[in-house]
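Read through the structure below, which is laid out as structure tokens, and then see the notes.
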Amino acid sequence: MMVMNKRFILFFLLIMPFIASTQQTQTVQTSSSTKGVFLDASAGLSLPMGAYASIDKDNDQSGFSSSGLLAQLTCDWMGKKDFGLAIQYTFQLNSLKNTSKDSVFPGMSVPLGSGNWSNHYIMVGPVYMKYFKKILIEAKALIGVIISTSPFFKTVDPAFNTVSSNTGTGLAFGIGAGAGYRVSSKVTLKINAEYLMGTPKINRQYGAQVVGDTNGAFVYSPPINFDTKKVVSSFNLGLSIIIKIPG
């Protein structure tokens with residue numbers, strides 16, 4: 001019996017390092033898992049591209065946009081295989097170039113004036129996230145809607161010459177990638193690069209209105225329709241903090 005006890009103790013001492021190593025590996029894998037829900041709050045720089053940055057007055061899609069700011073909140077719902085669903089809200093603010101404030105564009109009887117592009121994106125799509133020890137790699141592709149306000153969407157009532165602000169809406173698309181460093185089991189810091197595009201448009205109609213009378217007969221203004229469509233596109237760089245929701 002004593003010999004068997006000595007053998008059992010010897011066997012236990014031999015397998016202890018293996019058990020400890022296995023438990024440590026499992027702990028590392030668990031802390032590096034992307035399964036669960038992640039909240040990603042980001043802020044950065046918005047760099048307009050293409051027609052959005054163009055100052056060509058002969059191009060109907062020119063946006064006269066300058067560099068601006070970006071704020072973003074994303075919820076990533078991740079599955080077992082490092083793939084999940086991203087739900088993202090983005091706020092983008094780009095001021096107009098000073099060269100455009102005195103310009104009068106077709107369909108308007110007043111100068112564009114100063115102001116900015118204020119764009120709201122709401123998008124969803126697949127996301128890939130994977131930890132390599134403490135390093136996080138992320139990629140995503142999104143689709144949704146853009147809600148936009150801009151001096152370009154102002155319209156003028158032809159009868160009374162009053163100016164109205166309007167909100168443009170349209171489809172939006174985005175692709176992005178990021179790399180981060182896990183500072184704790186719940187917190188990761190990340191840098192982002194993202195391309196966003198939206199196609200906001202307005203359609204504002206003014207019907208015929210009485211503007212006077214001649215010899216007892218009413219005089220009507222002609223009906224008019226404002227149909228303005230723009231292409232908003234930008235390359236965005238940002239810093240974000242990712243928090244893994246317990247559970």
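Of the residues Thr167, Thr90, the one with the largest accessible area comes first in the ranking Thr167, Thr90, computed with a 1.4 Å probe on protein heavy atoms.
Per-residue Karplus couplings for the stretch 121-133, computed as 6.51 cos²θ - 1.76 cosθ + 1.60 with θ equal to phi - 60°, are listed in order as 10, 10, 9, 9, x, x, 9, 10, 9, 8, 9, 10, 6 Hz, Gly and Pro entered as x. For the stretch 104-196, the fraction of 1.4 Å probe accessible surface lying on carbon and sulfur atoms is 69 percent.
Using a probe of 1.4 Å, the accessible surface attributed to Met49 totals some 80 Å² when neighbouring protein chains are kept in position. Scattering from the stretch 47-98 was approximated by placing one identical point on each alpha carbon and applying the Debye formula without solvent; log10 I(q)/I(0) at 0.18, 0.21, 0.27, 0.29 1/Å stands at -0.67, -0.76, -0.96, -1.03.
Taking every lysine pair in the stretch 35-136 that is 8 or more places apart or spans two chains, those with Cα atoms closer than 29 Å amount to 13. In this view, the solvent-accessible surface of Ile122, computed with a 1.4 Å probe and all protein chains in place, comes to about 90 Å². Solvent exposure of the stretch 73-211 amounts to 49 Å² per residue of accessible area, where only protein heavy atoms count and the probe is 1.4 Å. Calculated translational diffusion coefficient of the stretch 29-74 (10 °C, 1.306 mPa s; Stokes-Einstein with Kirkwood radius over alpha-carbon pairs) equals 116 µm²/s. Restricted to Cα atoms, the stretch 131-215 shows a radius of gyration and a Dmax of 23.7, 87 angstrom. Size descriptors for the stretch 83-178, from the alpha-carbon set: Rg then Dmax equal 19.1, 67 Å.
The values are calculated or read from the model by the stated rules, or taken from the named source; none is laboratory data. Only a predicted model underlies this, so the values are computations on that prediction, with no experimental measurement involved. Ligands, DNA and RNA are excluded from the accessible area calculation, which covers all protein heavy atoms including side chains. Shrake-Rupley method; radii C 1.70, N 1.55, O 1.52, S 1.80 Å.
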